[in-house]
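Structure first, then comments.
The values are calculated or read from the model by the stated rules, or taken from the named source; none is laboratory data. Because the structure is a prediction, the values reported are computed rather than measured. All Cβ positions, even for glycine, are placed from backbone atoms using ideal geometry, and neighbour counts span all protein chains on display. Ligands, DNA and RNA are stripped out before the accessible areas are found, and what is left, the full protein with its side chains, is counted by its heavy atoms. Shrake-Rupley method; radii C 1.70, N 1.55, O 1.52, S 1.80 Å.
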Amino acid sequence: MDEIKLLLGVDCYNELLNGGFSTLQHIILADHKILQGLTGASSDTVQKCMYIASEKLLQNKFCTAKQIEPCHRISIGCTNLDGLLNGGIPVNGINELYGCSGVGKTQLCLQLALQIQLPVHLGGKGQEVVYICTEDVFPSKRLIQLACAFRSKYNVDICFEDRIYIEHIPNFVRLQKCLNLLPQFLLGKKVGLIIIDSIAGLFRSDTENPNYVARSQEFTVLGKVLIELQEKCKFGILTINQVVDNLSSGLTEPSLGLSWANNVTSRFGLSRNNTDPIRRFDVIFSPDLAPSFSNLLITPEGILDA
(Lines give C-alpha, C1' and ligand atoms only; values in the text may rest on other atoms or scores of the structure.)
Protein backbone atom coordinates (compact mmCIF):
# COMPACT_ATOMS: atom_id res chain seq x y z
CA MET A 1 0.00 0.00 0.00
CA ASP A 2 3.01 2.31 0.37
CA GLU A 3 3.32 2.86 -3.40
CA ILE A 4 -0.37 3.76 -3.61
CA LYS A 5 0.03 6.17 -0.70
CA LEU A 6 2.96 7.82 -2.47
CA LEU A 7 1.02 8.09 -5.73
CA LEU A 8 -2.15 9.55 -4.17
CA GLY A 9 -0.62 11.68 -1.44
CA VAL A 10 -1.38 11.43 2.27
CA ASP A 11 -4.78 13.18 2.27
CA CYS A 12 -6.22 11.25 -0.67
CA TYR A 13 -4.80 8.01 0.70
CA ASN A 14 -6.51 8.62 4.07
CA GLU A 15 -9.82 9.21 2.27
CA LEU A 16 -9.33 5.84 0.58
CA LEU A 17 -8.82 4.13 3.94
CA ASN A 18 -11.76 5.93 5.53
CA GLY A 19 -13.93 4.75 2.66
CA GLY A 20 -13.19 1.13 3.59
CA PHE A 21 -10.55 0.38 0.91
CA SER A 22 -7.77 -0.68 3.24
CA THR A 23 -6.36 -3.67 1.36
CA LEU A 24 -5.05 -4.40 -2.12
CA GLN A 25 -7.95 -6.76 -2.74
CA HIS A 26 -10.46 -4.05 -1.85
CA ILE A 27 -8.86 -1.72 -4.41
CA ILE A 28 -8.80 -4.32 -7.19
CA LEU A 29 -12.49 -5.18 -6.72
CA ALA A 30 -13.62 -1.56 -6.34
CA ASP A 31 -15.57 0.41 -8.89
CA HIS A 32 -13.28 2.86 -10.71
CA LYS A 33 -15.69 5.81 -10.26
CA ILE A 34 -16.11 5.15 -6.55
CA LEU A 35 -12.35 5.29 -5.99
CA GLN A 36 -12.15 8.46 -8.04
CA GLY A 37 -14.98 10.05 -6.07
CA LEU A 38 -13.42 9.16 -2.72
CA THR A 39 -9.90 10.34 -3.48
CA GLY A 40 -10.55 13.18 -5.92
CA ALA A 41 -7.71 11.77 -8.04
CA SER A 42 -7.70 11.73 -11.83
CA SER A 43 -8.94 8.72 -13.78
CA ASP A 44 -5.39 7.87 -14.84
CA THR A 45 -4.11 8.02 -11.26
CA VAL A 46 -6.87 5.71 -10.04
CA GLN A 47 -6.11 3.32 -12.89
CA LYS A 48 -2.44 3.28 -11.86
CA CYS A 49 -3.43 2.53 -8.26
CA MET A 50 -5.53 -0.43 -9.37
CA TYR A 51 -2.68 -1.67 -11.54
CA ILE A 52 -0.19 -1.42 -8.65
CA ALA A 53 -2.62 -3.28 -6.39
CA SER A 54 -3.10 -6.09 -8.89
CA GLU A 55 0.65 -6.43 -9.50
CA LYS A 56 1.39 -6.62 -5.78
CA LEU A 57 -1.42 -9.04 -5.02
CA LEU A 58 -0.71 -11.41 -7.87
CA GLN A 59 2.93 -11.83 -6.88
CA ASN A 60 1.70 -14.43 -4.41
CA LYS A 61 -1.24 -16.27 -5.93
CA PHE A 62 -1.42 -18.81 -3.13
CA CYS A 63 -1.73 -18.17 0.59
CA THR A 64 -2.19 -20.17 3.76
CA ALA A 65 -5.44 -20.30 5.70
CA LYS A 66 -3.81 -18.10 8.34
CA GLN A 67 -3.16 -15.36 5.75
CA ILE A 68 -6.82 -15.09 4.71
CA GLU A 69 -8.29 -11.87 6.04
CA PRO A 70 -11.02 -12.33 8.65
CA CYS A 71 -14.53 -11.30 7.67
CA HIS A 72 -15.46 -7.76 8.74
CA ARG A 73 -18.45 -7.54 11.06
CA ILE A 74 -20.97 -4.92 12.20
CA SER A 75 -21.54 -4.84 15.95
CA ILE A 76 -25.11 -4.98 17.25
CA GLY A 77 -24.07 -3.35 20.50
CA CYS A 78 -25.08 -6.29 22.74
CA THR A 79 -22.30 -8.25 24.41
CA ASN A 80 -23.99 -11.66 24.18
CA LEU A 81 -25.23 -11.23 20.60
CA ASP A 82 -21.89 -9.91 19.36
CA GLY A 83 -20.16 -12.80 21.11
CA LEU A 84 -22.52 -15.27 19.45
CA LEU A 85 -21.73 -13.74 16.04
CA ASN A 86 -17.96 -13.40 16.56
CA GLY A 87 -18.26 -9.63 16.61
CA GLY A 88 -21.53 -8.89 14.85
CA ILE A 89 -23.39 -9.24 11.56
CA PRO A 90 -20.90 -10.43 8.90
CA VAL A 91 -20.02 -8.23 5.92
CA ASN A 92 -19.91 -11.30 3.73
CA GLY A 93 -22.73 -12.16 1.36
CA ILE A 94 -26.44 -11.72 2.05
CA ASN A 95 -27.61 -11.91 5.67
CA GLU A 96 -31.24 -12.74 6.43
CA LEU A 97 -33.15 -12.19 9.66
CA TYR A 98 -36.57 -13.82 9.77
CA GLY A 99 -39.34 -13.97 12.33
CA CYS A 100 -43.05 -13.48 12.86
CA SER A 101 -44.71 -10.07 12.80
CA GLY A 102 -43.98 -7.90 15.84
CA VAL A 103 -41.11 -10.01 17.16
CA GLY A 104 -38.57 -7.17 16.83
CA LYS A 105 -36.86 -7.57 13.45
CA THR A 106 -37.15 -3.89 12.58
CA GLN A 107 -35.97 -2.94 16.09
CA LEU A 108 -32.75 -4.85 15.47
CA CYS A 109 -32.36 -3.15 12.08
CA LEU A 110 -32.71 0.30 13.66
CA GLN A 111 -30.15 -0.55 16.33
CA LEU A 112 -27.67 -1.70 13.68
CA ALA A 113 -28.32 1.50 11.71
CA LEU A 114 -27.31 3.54 14.78
CA GLN A 115 -24.50 1.31 16.07
CA ILE A 116 -22.58 1.40 12.78
CA GLN A 117 -22.51 5.22 12.93
CA LEU A 118 -20.64 5.31 16.23
CA PRO A 119 -16.88 5.94 16.08
CA VAL A 120 -14.60 2.91 16.14
CA HIS A 121 -13.55 3.38 19.76
CA LEU A 122 -17.22 3.08 20.80
CA GLY A 123 -17.82 -0.11 18.83
CA GLY A 124 -19.02 1.39 15.56
CA LYS A 125 -17.47 2.05 12.17
CA GLY A 126 -18.29 5.71 11.57
CA GLN A 127 -20.39 4.71 8.56
CA GLU A 128 -23.83 5.44 7.13
CA VAL A 129 -26.82 3.28 6.16
CA VAL A 130 -29.22 2.83 3.24
CA TYR A 131 -32.60 1.61 4.52
CA ILE A 132 -35.06 0.25 1.92
CA CYS A 133 -38.66 -0.22 3.11
CA THR A 134 -40.99 -2.47 1.11
CA GLU A 135 -43.98 -2.86 3.44
CA ASP A 136 -44.58 -0.31 6.18
CA VAL A 137 -43.60 3.34 6.35
CA PHE A 138 -40.18 3.84 7.91
CA PRO A 139 -40.55 4.03 11.75
CA SER A 140 -39.13 7.53 12.14
CA LYS A 141 -40.59 8.12 15.63
CA ARG A 142 -38.90 5.01 16.99
CA LEU A 143 -35.65 5.97 15.28
CA ILE A 144 -35.70 9.40 16.93
CA GLN A 145 -36.34 7.76 20.32
CA LEU A 146 -33.42 5.37 19.86
CA ALA A 147 -31.14 8.12 18.52
CA CYS A 148 -31.74 10.21 21.64
CA ALA A 149 -30.99 7.18 23.82
CA PHE A 150 -27.74 6.50 21.90
CA ARG A 151 -26.58 10.12 22.18
CA SER A 152 -27.15 9.96 25.94
CA LYS A 153 -25.66 6.49 26.41
CA TYR A 154 -22.47 7.13 24.43
CA ASN A 155 -22.19 10.87 25.12
CA VAL A 156 -21.84 11.74 21.43
CA ASP A 157 -23.12 14.62 19.33
CA ILE A 158 -24.04 12.62 16.22
CA CYS A 159 -27.11 13.42 14.16
CA PHE A 160 -27.90 9.76 13.52
CA GLU A 161 -31.11 10.59 11.67
CA ASP A 162 -29.26 12.47 8.90
CA ARG A 163 -27.00 9.52 8.11
CA ILE A 164 -29.72 6.99 7.26
CA TYR A 165 -30.86 7.21 3.62
CA ILE A 166 -34.41 5.89 3.29
CA GLU A 167 -36.26 4.69 0.19
CA HIS A 168 -39.72 3.12 -0.07
CA ILE A 169 -39.88 0.44 -2.76
CA PRO A 170 -43.17 -1.33 -3.71
CA ASN A 171 -41.95 -4.07 -6.06
CA PHE A 172 -38.99 -5.91 -7.58
CA VAL A 173 -38.79 -3.73 -10.70
CA ARG A 174 -38.42 -0.57 -8.61
CA LEU A 175 -35.80 -2.27 -6.43
CA GLN A 176 -33.77 -3.16 -9.52
CA LYS A 177 -33.78 0.48 -10.63
CA CYS A 178 -32.83 1.62 -7.14
CA LEU A 179 -29.89 -0.80 -6.92
CA ASN A 180 -28.66 0.18 -10.40
CA LEU A 181 -28.48 3.82 -9.28
CA LEU A 182 -26.91 3.00 -5.92
CA PRO A 183 -23.20 3.14 -6.93
CA GLN A 184 -23.63 6.69 -8.21
CA PHE A 185 -25.58 7.68 -5.10
CA LEU A 186 -22.87 6.29 -2.82
CA LEU A 187 -20.11 8.46 -4.28
CA GLY A 188 -18.67 10.61 -1.51
CA LYS A 189 -20.70 8.79 1.15
CA LYS A 190 -19.49 6.27 3.72
CA VAL A 191 -22.28 3.72 3.58
CA GLY A 192 -21.44 0.50 5.41
CA LEU A 193 -24.82 -1.25 5.54
CA ILE A 194 -27.81 -1.85 3.25
CA ILE A 195 -31.05 -2.97 4.92
CA ILE A 196 -34.03 -4.32 2.97
CA ASP A 197 -37.08 -4.48 5.23
CA SER A 198 -38.51 -6.78 4.04
CA ILE A 199 -37.54 -9.03 1.15
CA ALA A 200 -40.87 -10.87 1.38
CA GLY A 201 -42.80 -7.65 0.76
CA LEU A 202 -41.39 -7.44 -2.76
CA PHE A 203 -42.62 -10.86 -3.86
CA ARG A 204 -46.05 -11.24 -2.35
CA SER A 205 -48.56 -12.27 -5.00
CA ASP A 206 -52.24 -11.33 -5.10
CA THR A 207 -52.96 -14.03 -7.67
CA GLU A 208 -53.98 -17.60 -6.92
CA ASN A 209 -51.36 -19.04 -9.27
CA PRO A 210 -48.15 -17.00 -9.10
CA ASN A 211 -45.38 -17.66 -11.61
CA TYR A 212 -42.84 -19.41 -9.41
CA VAL A 213 -40.35 -19.90 -12.23
CA ALA A 214 -40.23 -16.16 -12.95
CA ARG A 215 -40.01 -15.41 -9.24
CA SER A 216 -37.09 -17.81 -8.83
CA GLN A 217 -35.28 -16.03 -11.67
CA GLU A 218 -35.89 -12.70 -9.95
CA PHE A 219 -34.35 -14.08 -6.75
CA THR A 220 -31.25 -15.09 -8.70
CA VAL A 221 -30.97 -11.66 -10.35
CA LEU A 222 -31.42 -9.86 -7.02
CA GLY A 223 -28.84 -12.02 -5.25
CA LYS A 224 -26.30 -11.48 -8.04
CA VAL A 225 -26.81 -7.70 -8.06
CA LEU A 226 -26.49 -7.41 -4.28
CA ILE A 227 -23.28 -9.47 -4.16
CA GLU A 228 -21.73 -7.47 -7.03
CA LEU A 229 -22.57 -4.22 -5.24
CA GLN A 230 -21.09 -5.57 -2.02
CA GLU A 231 -17.83 -6.47 -3.75
CA LYS A 232 -17.57 -2.99 -5.23
CA CYS A 233 -18.77 -0.89 -2.31
CA LYS A 234 -17.79 -3.03 0.70
CA PHE A 235 -21.05 -2.75 2.65
CA GLY A 236 -22.95 -5.30 4.70
CA ILE A 237 -26.34 -6.55 3.50
CA LEU A 238 -29.20 -7.40 5.85
CA THR A 239 -32.54 -8.59 4.47
CA ILE A 240 -35.62 -9.07 6.63
CA ASN A 241 -37.96 -11.98 5.92
CA GLN A 242 -41.39 -12.98 7.17
CA VAL A 243 -42.53 -16.48 8.13
CA VAL A 244 -45.17 -18.88 6.81
CA ASP A 245 -46.81 -21.98 8.23
CA ASN A 246 -45.80 -25.19 6.48
CA LEU A 247 -49.02 -27.22 6.39
CA SER A 248 -47.16 -30.45 5.63
CA SER A 249 -44.71 -30.31 8.53
CA GLY A 250 -46.73 -28.13 10.88
CA LEU A 251 -43.68 -25.90 11.37
CA THR A 252 -43.22 -22.17 10.93
CA GLU A 253 -40.44 -21.38 8.46
CA PRO A 254 -39.01 -18.43 6.47
CA SER A 255 -41.11 -17.37 3.50
CA LEU A 256 -40.03 -17.46 -0.18
CA GLY A 257 -38.83 -21.05 -0.01
CA LEU A 258 -35.63 -22.71 -1.15
CA SER A 259 -35.29 -20.52 -4.27
CA TRP A 260 -34.57 -17.49 -2.11
CA ALA A 261 -32.68 -19.41 0.60
CA ASN A 262 -30.10 -20.46 -1.98
CA ASN A 263 -29.05 -16.80 -2.27
CA VAL A 264 -28.64 -16.33 1.49
CA THR A 265 -25.16 -16.65 3.01
CA SER A 266 -26.12 -16.34 6.69
CA ARG A 267 -29.60 -16.90 8.11
CA PHE A 268 -30.68 -15.78 11.58
CA GLY A 269 -34.02 -16.23 13.32
CA LEU A 270 -35.81 -14.10 15.91
CA SER A 271 -38.61 -15.57 18.01
CA ARG A 272 -40.44 -15.44 21.33
CA ASN A 273 -43.02 -17.42 23.30
CA ASN A 274 -46.41 -15.70 23.32
CA THR A 275 -46.20 -12.56 25.51
CA ASP A 276 -42.79 -13.34 27.02
CA PRO A 277 -40.70 -10.14 26.70
CA ILE A 278 -37.53 -12.16 26.12
CA ARG A 279 -36.66 -12.79 22.47
CA ARG A 280 -34.46 -15.59 21.18
CA PHE A 281 -31.89 -14.90 18.44
CA ASP A 282 -30.80 -18.05 16.57
CA VAL A 283 -27.93 -18.68 14.18
CA ILE A 284 -29.57 -21.02 11.65
CA PHE A 285 -26.66 -21.28 9.22
CA SER A 286 -23.54 -19.26 8.40
CA PRO A 287 -20.15 -20.11 6.83
CA ASP A 288 -18.13 -19.52 10.00
CA LEU A 289 -20.71 -19.74 12.80
CA ALA A 290 -22.06 -22.82 14.56
CA PRO A 291 -25.83 -23.09 15.14
CA SER A 292 -26.48 -21.48 18.50
CA PHE A 293 -28.69 -18.90 20.19
CA SER A 294 -28.79 -16.00 22.64
CA ASN A 295 -31.59 -14.17 24.42
CA LEU A 296 -32.31 -10.46 24.22
CA LEU A 297 -34.71 -7.79 25.45
CA ILE A 298 -36.20 -4.89 23.47
CA THR A 299 -36.43 -1.77 25.62
CA PRO A 300 -37.17 1.92 24.93
CA GLU A 301 -33.37 2.46 24.89
CA GLY A 302 -32.76 -0.33 22.35
CA ILE A 303 -31.83 -4.01 22.36
CA LEU A 304 -30.16 -5.36 25.49
CA ASP A 305 -28.81 -8.73 26.57
CA ALA A 306 -31.38 -10.74 28.53
ask   = Counting only protein chains, not ligands or nucleic acids, how are Lys189, Lys66, Lys33 ordered by accessible area (probe 1.4 Å), most first?
value = Lys66, Lys33, Lys189
message = Could you report the chain's accessible area per residue, 1.4 Å probe, as an integer in Å²?
response = 51 Å²
ask   = What is the sum of charges around Lys224, taking Lys and Arg as +1, Asp and Glu as -1, for the other residues whose C-beta is under 14 Å from the C-beta of Lys224?
value = -2
query = Taking a 1.4 Å probe, which of Met50, Met1 shows the most accessible area, and what order do the others take after it?
reply = Met1, Met50
key: Kyte-Doolittle mean at least -1.0, axial Cα span of 24 Å or more - DSSP H helices of the chain   = 212-233
note = the chain, Gaussian network, Cα under 10 Å: of Ile76, Ile278, Ile227, the residue fluctuating most is Ile278
inquiry  = Taking 8 Å as the Cα distance limit and 6 or more residues as the minimum spacing, I'd like the relative contact order of the chain as a percentage.
reply    = 22 percent
ask   = Expressed as a fraction of 2.2 N^0.38 Å, the rule-of-thumb size for a compact globular protein of N residues, what is the C-alpha radius of gyration of the chain?
value = 1.04
ask   = Residues with amide H under 5 Å of Arg73's amide H, sequence separation 5 or more or different chain, H placed in the peptide plane at 1.01 Å from N; which?
value = Val91
message = If you take every residue apart from Tyr165 with its C-beta less than 14 Å away from the C-beta of Tyr165, what net charge results, scoring Lys and Arg +1 and Asp and Glu -1?
response = -2
inquiry  = Heavy atoms of the protein only, probe of 1.4 Å, neighbouring chains included. What is the accessible area of Asp44 in Å², nearest 10?
reply    = 110 Å²
ask   = Of Lys125/Lys234; Lys105/Lys224; Lys125/Lys190; Lys5/Lys190, which sit over 18 Å apart, Cα to Cα?
value = Lys105/Lys224; Lys5/Lys190
query = If you build a Gaussian network model of the chain, linking Cα atoms that sit under 10 Å apart, which residue out of Pro254, Pro90, Pro291 swings the most?
reply = Pro291
inquiry  = Can you list residues from other chains, or at least 5 along the same chain, whose modelled amide H is less than 5 Å from the amide H of Val244?
reply    = Glu253, Ser255
request  = Heads up, I need the accessible area for Asp136: 1.4 angstrom probe, whole protein in place, Å², nearest 10.
outcome  = 120 Å²
Gaussian network model of the chain, Cα within-10 Å springs - most flexible of Leu247, Leu258, Leu181 = Leu247
ask   = Near Thr265, within a Cβ-to-Cβ distance under 12 Å, what is the net charge of the other residues, with Lys and Arg +1 and Asp and Glu -1?
value = -1
message = Once R0 is set to 45 Å, what does the formula 1/(1 + (r/R0)^6) return for the Cβ-Cβ distance between Asp136 and Ser22, expressed as a FRET efficiency to the nearest 0.05?
response = 0.80
request  = Averaging sequence separations of C-alpha pairs under 8 Å and six or more residues apart, then dividing by the length of the range 74-179, give the relative contact order as a whole percent.
outcome  = 23 percent
Normalised contact order of the range 214-258, rounded percent, pairs of Cα under 8 Å and 6 or more residues apart = 21 percent
message = Nothing charged except the Cβ atoms of Lys and Arg (+1) and of Asp and Glu (-1): what's the magnitude of the dipole of the chain about its Cα centre? Round to the nearest 20 debye.
response = 200 debye
query = Round to a whole number: what % of the accessible area of the chain belongs to carbon and sulfur, probe 1.4 Å?
reply = 52 percent
ask   = Just how large is the dipole of the range 54-143 about the Cα centre, in debye to the nearest 20, putting +1 at every Lys and Arg Cβ and -1 at every Asp and Glu Cβ?
value = 200 debye
